[in-house]
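Taken together, the values in this text are just the output of simple stated rules run on the coordinates, not laboratory data. What you are looking at is a predicted structure, and each value in this text was computed from that prediction instead of being measured. Neighbour counts run over all protein chains shown; Cβ positions are idealised from the backbone, glycine included.
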């Protein structure tokens, strides 16, 4: 990759779409690595860290940004517009974090229509809205016409809108993972390293969290599932799934160091599906059913019914990227807001 004109350094950008902002914090948590980014790149657009305007990006030549980290899913028309803009201006566009790559928590809104989402937001018991106002894409006021981004019927992942070069999973990605990817990018743009094939997942493994979990594993004969807080005591050395805790490790990509199981909490799947997993939820349901101590389908169903939140369990981070994508209410949205 070649450097851009001007100060001789390749240009860097980072954008925050529909997400909590944790990915930006994770980058800052790399500590001194941020200074290396500043030394190796010309940071031209990073709204959370610098004063930058969209028109500044629009004025750049196409392909002039060497590397863009795009965090967040596509929830509204502004997110979609910036995805197209940054794709056009960037040599490498990276889906950074679970929201951009999988849809993450915002994607669970795909189980509801826009009107139901707005009802929950503007008509709940905690909301003071006596005029029953709703957001509108445009409104005329004495000063002129005001515009706000239009709320899309469903949450989409970045690669459902534009072409993506690489993926960095995690909610958020771990600082050591980000540092390794930044080291690779710095070396590649300096001509000291080769970039991996397009479409690769960077900074994570190819197997599952179970393979890096240090807990003991035996034959699983599960008779019921339960929340951790409902159990009197957990064995600190035994596989959580064997203790009836619905742990998503069997389907989740490794690379996080199995931090949650090591701390006594089940894996919830934030690194997305492991290699070869077509649909995260389907693989996980199959894995759970296979370890139930029953052979009768009805008995297996009764055990699986003990999972308190199936949608959140199986698709907490992956609904927007899954084969399911959305619930009937969202697909049938008639466009009314």
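What to note about this one:
- Residue separation of residue 119 and residue 294 scaled by 0.36 nm, minus their Cα-Cα distance, works out to 58.8 nm of gained length.
- Computed over the chain, the convex hull of the alpha-carbon atoms projects to a mean area of 21.0 nm².
- Footprinting exposure proxy for 50, 285, 14 (fewest neighbouring C-beta atoms within 10 Å first): 50, 285, 14
- The residue 58 and residue 329 beta-carbon pair, evaluated with R₀ = 30 Å, returns a calculated FRET efficiency of approximately 0.25.
- Measuring max minus min along each principal axis, the C-alpha atoms of region 209-321 give extents of 33, 31, 24 Å (largest first).
- When each of the peptides 234-247, 62-75 is scored by the mean number of other C-beta atoms lying within 10 Å of its residues, the order from highest to lowest reads 62-75, 234-247.
- C-alpha long axis of helix 175-189 to longest principal axis of the chain, angle in °: 40
- For region 264-322, the fraction of C-alpha pairs more than 14 angstrom apart is 57%.
- Each principal axis of the Cα atoms in region 167-264 has its own extent, and those three values, largest first, are 56, 21, 19 angstrom.
- Sequence of 122, 167, 315 once ranked by neighbouring C-beta atoms within 10 Å, starting from the fewest: 122, 167, 315
- Estimated 222 nm signal from helices in the chain, with DSSP H stretches of n ≥ 4 weighted -39500 (n - 2.57), rounded to 500: -7500 deg cm²/dmol
- Mean shadow area of region 130-197, taken as a quarter of the surface of its Cα convex hull (nm²): 9.6
- Ranked 16, 331, criterion: other C-beta atoms within 10 Å, fewest first: 331, 16
- Whole-angstrom gap from region 97-137 to region 261-337, using each part's C-alpha centre: 22
- Based on Cα contacts under 8 Å between residues 6+ apart, region 98-210 shows a relative contact order of 28 percent.
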